[in-house]
Amino acid sequence: MKNIAFIINPISGTLNKRRIPKIIDKLLDKEQWMADIVFTEYKGHGIELARHYAALGFNAVVAVGGDGTVNEVASGLRGTNTALGVIPIGSGNGFARHMGTPLRTTNAVEALNNMTPVRCDYGLANDHPFFATCGTGFDASISEEFQKAGTRGFRTYLEKIVKNIFTYEPENYKLKGEGIDIEGKAFLVTVANCSQWGASAVIAPKASIQDGKLDVVFCSPFPLILAPGLALGLFTKTIDQGIHVTSLKTKEVTLFRDNAGPFHIDGDPVEMGTEIHIRVVEDGLWVLAPKRF
């Protein structure tokens, strides 16, 4: 018998979370798992709860929410022997999609009965841990707009993109690191541990969560007439083949920009300064993954 905790974010995504404990009770293998279920009550609570369960020696802690919830729970588990599990109910679910976790809640709970823990990497951006992606530019600006919106869900996110893409002004960036020396205006700069932002938008097709490296994606400004083609590249896993996109792998990179401002960590906006040091932490987190992973 193994101990497993479920940390549910009640405001993540658009689904009703109150029925999730009943789904867990019905579908989780009780001969294998002994479950504890809690709801977060404030921002950062997921980190505290995850640390609590790791200190108790729990075998696994499951983040029930989106990439922001995954970030909190994983932040509390990094460096411990307690594995992260995910039941994705957020707007994008980039981490879960990369790991091959089922997106239906019932299927995700059932899948936990047949998963095994694997060692995975994560990243640090000025000591802020990220597990899927981080970055600046247009996507960070949209993350900030999305957080201010009164509604959640992919539709709201898409509306923010359409509203802002015609007025967004690219900024100057400089990237310095091993094998990396890039300078110029960029529409966005993404550093990826996982392959996608979420909602099947794959920004770093070659990214691996177990290769000890991060994928740096530098997207130069482009004529808006090319935007549909770039969007198609995101959803066909070919964005890195575009002439306006440069993709490189590295263990660490420092990003310089002219002005402090929005930066996103796993889709959640934060304010950062003009110099951001980003590096990988190899094998820093245990994650429950499908056996085929």
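The values are calculated or read from the model by the stated rules, or taken from the named source; none is laboratory data. What you see is a predicted model, and the numbers here were worked out from it, not measured in a lab. Neighbour counts run over all protein chains shown; Cβ positions are idealised from the backbone, glycine included. The area values use the complete protein model at the heavy-atom level, side chains included, leaving out ligands, DNA and RNA. Shrake-Rupley method; radii C 1.70, N 1.55, O 1.52, S 1.80 Å.
In region 42-61, the residues that are in contact (Cβ under 8 Å) with a residue 12 or more places away in the chain form Cβ pairs under 7 Å with partners that are basic (Lys, Arg) and assigned to a strand (DSSP E or B), at six or more places apart or across chains, as follows: Asn59/Lys2.
Out of Gly242, Gly184, Gly198, Gly212, I need the residue that is more than 20 Å from Asp268 (Cβ to Cβ) and either at pLDDT below 90 or crowded, with 18+ Cβ neighbours inside 10 Å (or both). Which one? Every option except Gly242 fails the conditions. Of the residues making up region 93-112, those that are open to solvent by 20 Å² or more (accessible area, probe 1.4 Å) and in contact with a helix residue (DSSP H, G or I) (Cβ under 8 Å, 6 or more places away or on another chain) are Pro102, Leu103, Thr106, Glu110.
Each residue in region 38-52 was checked for being open to solvent by 10 Å² or more (accessible area, probe 1.4 Å) and either closer than 26 Å to Arg104 by Cβ or part of a helix (DSSP H, G or I) (or both), and 9 pass. The single condition among (1) surrounded by fewer than 24 Cβ atoms within 10 Å (Cβ to Cβ); (2) within 25 Å of Asp283 (Cα to Cα); (3) among the small types (Gly, Ala, Ser); (4) out of contact with any Gly (no Cβ under 8 Å at 6 or more places or on another chain) that Gly79 does not satisfy is (4).
When Phe235, Phe263, Phe256 are checked against the criterion of being open to solvent by 10 Å² or more (accessible area, probe 1.4 Å) and under 20 Å from Ser141 (Cβ atoms), a single residue qualifies: Phe256. In region 93-120, the residues that are in contact (Cβ under 8 Å) with a residue 12 or more places away in the chain reach residues that are aromatic (Phe, Trp, Tyr) with C-beta atoms within less than 7 angstrom, at least six apart or across chains, in these pairs: Gly94/Trp197; Phe95/Phe131; Met99/Phe293; Gly100/Phe293; Pro117/Trp286; Val118/Phe293; Arg119/Trp286.
For region 62-85, filtering for residues that are of a type in the set (A, V, I, L, M), over 20 Å from His128 (Cβ atoms) and either in contact with a Leu (Cβ under 8 Å, 6 or more places away or on another chain) or assigned to a loop (DSSP other than H, G, I, E, B) (or both) leaves 2.
Of the listed requirements (1) of a type in the set (A, V, I, L, M, F, W, C); (2) closer than 23 Å to Val191 by Cα; (3) buried (at least 23 other Cβ atoms within 10 Å of the Cβ), Ile89 misses just one: (2).
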